[in-house]
Amino acid sequence: MIARTIGTLAIAATVAATPAGCQHPRTPAGTTSPPAAARDGGTVRIDPGAVRATLAGLKVAVEDTGNVYRRAEWPHWETVSGACDAREHTLKTQGTAVTTGPGCTVTGGRWVSPYDGITVTDAKYLDVDHVVPLAEAARSGTRGWSRTDRQRYANDPRVLIAVTAKSNRSKGDSDPAKWLPGRDKCGYLARWVETKRAYRMTVDQAEHDAIDSGLRRC
């Protein structure tokens, strides 16, 4: 698929490798990181059977809609590497030829958004998305999380993806039963499942069934 262009920019939809010397917030002990998306915005090879097996291990529960998401309770865009906050770090590591100014402000680069394949060259057209949106995380069995737990997830570079603002607004806080990206649906489902596993989040029945059905087509 030919990437479309917005202004001068492109987003790499990848939870990219960490540059030397950088430290990521820790995921719970014994867990692994979600699979990284293709840096060029292409598709990622997954093992659908393995992802479905992981899905089968997730706890299915009714969404905890009473645990309302409040932005102030999920501190994000905290400093994660040098002078870079989580958003800046994501833009810096997921793009190509990225330039920064004082305080790690991103001044240029090229990204390919994994959600829609659009190439971006101006960071103002990009959002940094949580694979599992914070509001969805709040509804997914995390009522007992401490503020530190919430902050850790909200700033974990491994669950952040640079995407076009339009595609992120389209997604909102939806789970895969209600929204899937236009590109690389299989890779997206794999990242979603692994993120929920790594952070021991629950899935609701409709979400589970939609993911399982999607993976059967991968």
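A short reminder: the numbers here are calculations on the coordinates, not readings from a lab. Here the structure is a predicted model, which is why all the values come from computation and not from measurement. Neighbour counts are summed over all protein chains in view; Cβ atoms, including those assigned to glycine, are modelled from backbone coordinates with ideal geometry.
Observations, loosely collected:
- A DSSP coil position with no more than 16 other Cβ atoms inside 10 Å describes the following trypsin sites (Lys or Arg not before Pro) in region 83-181: Arg143, Lys178.
- A straight chain from Ala206 to Ser146 at 0.36 nm per residue would run longer than the Cα-Cα distance by 18.9 nm.
- Look at the Cα gyration tensor of region 86-192: its axes a ≥ b ≥ c give a/c of at least 1.5 with a/b at or below b/c, and that counts as oblate.
- For the pair Ser174 and Ala61, the difference between a 0.36 nm per residue extended length and the Cα-Cα distance amounts to 39.0 nm.
- Sum of side-chain charges, Thr54 neighbourhood, beta-carbon under 15 Å (Lys, Arg +1; Asp, Glu -1): +3
- Theoretical FRET efficiency, 1/(1+(r/R0)^6), r = Cβ-Cβ of Glu73 and Arg217, R0 35 Å, to 0.05: 0.40
- Positive contributions from Lys and Arg (+1) and negative ones from Asp and Glu (-1), summed over other residues with Cβ under 13 Å from the Cβ of Asn168, come out at 0.
- Remark: for residue pairs Lys92/Lys124; Lys166/Lys196; Lys92/Lys196; Lys124/Lys171; Lys124/Lys166; Lys59/Lys166, the C-alpha separation exceeds 22 Å in Lys166/Lys196; Lys92/Lys196; Lys59/Lys166.
- Inter-label distance for Lys124 and Thr96, nm, one decimal - labels placed 7 Å from Cα along Cα-to-Cβ: 2.5
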